[in-house]
1. On the accessible surface of the range B:37-130, probed at 1.4 Å, how many percent belong to carbon and sulfur atoms?
2. Calculate one ³J(HN,Hα) per residue across the range B:93-105 by plugging θ = phi - 60° into the Karplus curve 6.51 cos²θ - 1.76 cosθ + 1.60, and present them in order as whole Hz with x for glycine and proline.
3. Select from A:Leu22, A:Leu102, A:Leu117 the residue whose mean-square fluctuation is largest in a Gaussian network model of chain A (Cα-Cα springs shorter than 10 Å).
4. What does the copy distance list look like for A:Gln129, label position 7 Å along Cα→Cβ, in nm and ordered from shortest?
5. So, with +1 on the Cβ of K and R and -1 on the Cβ of D and E, and no other charges, what is the size of the charge dipole of chain B about its Cα centre, to the nearest 20 debye?
6. Grab the Cα-Cα distance for A:Leu22 and A:Lys35, subtract it from 0.36 nm times how many residues apart they are, and report the gain in nm with one decimal.
7. Just to confirm the number: angle between the C-alpha axis of helix B:63-75 and the first principal axis of chain B, 0 to 90 degrees, nearest 10?
8. Given the options B:Thr62, B:Pro29, B:Thr80, identify the residue whose Cα lies farthest towards the positive end of the charge dipole of chain B (+1 on Cβ of Lys, Arg; -1 on Cβ of Asp, Glu).
There are 2 protein chains.
Amino acid sequence: MTDSPSGTRRPAPLDPDMFDPLCPSSAMPFRVGDKWTGMVIRCLEDGPRRFTELRAPLRAVTPKVLSETLRAMERDGLLTRTSYDENPPRVEYTLTPLGRSLLPLLDAARTWSRTHLPLLLAARTAHEQEAP
Amino acid sequence: MTDSPSGTRRPAPLDPDMFDPLCPSSAMPFRVGDKWTGMVIRCLEDGPRRFTELRAPLRAVTPKVLSETLRAMERDGLLTRTSYDENPPRVEYTLTPLGRSLLPLLDAARTWSRTHLPLLLAARTAHEQEAP
DNA sequence: AGCGCCGATACCGTTGAAGTAACCGGGGTC
DNA sequence: GACCCCGGTTACTTCAACGGTATCGGCGCT
């Protein structure tokens with residue numbers, strides 16, 4: 001309650017390394033919506049975030065693609081976009097209940113990956129070595 | 001135990017309409033691996049299937065794409081391909097334990113879709129109508 | 001001889017998602 | 001007046017997945 005001008009509780013800053021670049025979706029065999037939708041949901045699970053806040057952990061995604069992803073998610077009712085008429089401009093993205101309902105699924109996918117993804121990658125590597 | 005020449009228990013025939021063409025993956029916001037991987041896993045969950053057996057419910061997918069999907073899944077250790085030296089040729093695809101481990105996730109995705117997909121589609125439609 | 005079955009493969013075209021680079025407006029700051 | 005920040009947008013290019021059509025080889029059937 002120190003520097004929260006509009007009364008909204010700000011969640012802790014996002015870790016810029018919260019996504020392993022070695023596991024982009026090439027290895028992760030799951031996708032929710034577009035390529036970055038799942039990661040955006042993860043970024044928003046603790047509260048509303050601004051555009052540039054989302055870009056910190058998602059620095060691999062260009063503003064164009066992030067903006068496309070966000071507009072698609074807004075269209076699908078997964079998040080809401082709130083623009084404050086301030087200066088500098090401020091825009092906040094917040095998960096809707098529908099968007100939150102995907103969190104358990106993302107958890108399940110993450111759990112699967114932790115336990116089984118090494119097996120999948122090992123099978124892939126083995127296959128490449130026996131038939132190069 | 002009537003017409004099972006090689007002793008393998010054959011599961012019931014697949015329903016050619018087991019996949020709703022109105023819900024291809026355009027609406028289903030989940031993907032496991034490639035576009036058809038999830039459906040192949042569903043087709044194989046009751047036991048091994050032959051190539052043409054898989055084509056019955058997946059008649060939208062051409063043999064080329066199905067064969068590509070199957071080879072990718074074999075490479076990733078999700079299924080095994082067994083070729084019998086008979087005539088006419090016979091090839092069977094069977095889920096591995098790793099492939100089976102994805103079934104709970106597919107169940108979870110299906111459950112989500114049943115309860116929440118209408119909301120998502122309604123939001124999409126509403127958005128299209130207010131901003132055409 | 002000709003046709004069909006099974007399980008593919010080869011060749012080629014289309015599509016759409018993703019990426020690159022540049023730019024915008026409007027106010028604050030130096 | 002020059003520059004920066006925020007939250008994007010626009011135009012252009014790239015690339016892999018996807019799809020369509022044609023074909024194959026070996027055998028059996030008629």
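The values are calculated or read from the model by the stated rules, or taken from the named source; none is laboratory data. Because the structure is a prediction, the values reported are computed rather than measured. Cβ atoms come from the backbone with ideal geometry, glycine included; neighbour counts cover every protein chain shown. Areas reflect the complete protein model, heavy atoms only, side chains present, ligands, DNA and RNA absent. Shrake-Rupley method; radii C 1.70, N 1.55, O 1.52, S 1.80 Å.
1. Its accessible area is 53 percent carbon and sulfur atoms.
2. Running phi through 6.51 cos²θ - 1.76 cosθ + 1.60 with θ = phi - 60° gives 10, 10, 5, 7, x, 4, x, 4, 5, 7, 4, x, 5 Hz.
3. Of A:Leu22, A:Leu102, A:Leu117, the Gaussian network model singles out A:Leu22 as fluctuating most.
4. Those separations, rounded to one decimal, come out as 5.9 nm.
5. Dipole of chain B, to the nearest 20 debye: 160 debye.
6. 3.2 nm
7. Around 80 degrees separate the two axes.
8. Checking the options against the dipole of chain B, the answer is B:Thr80.
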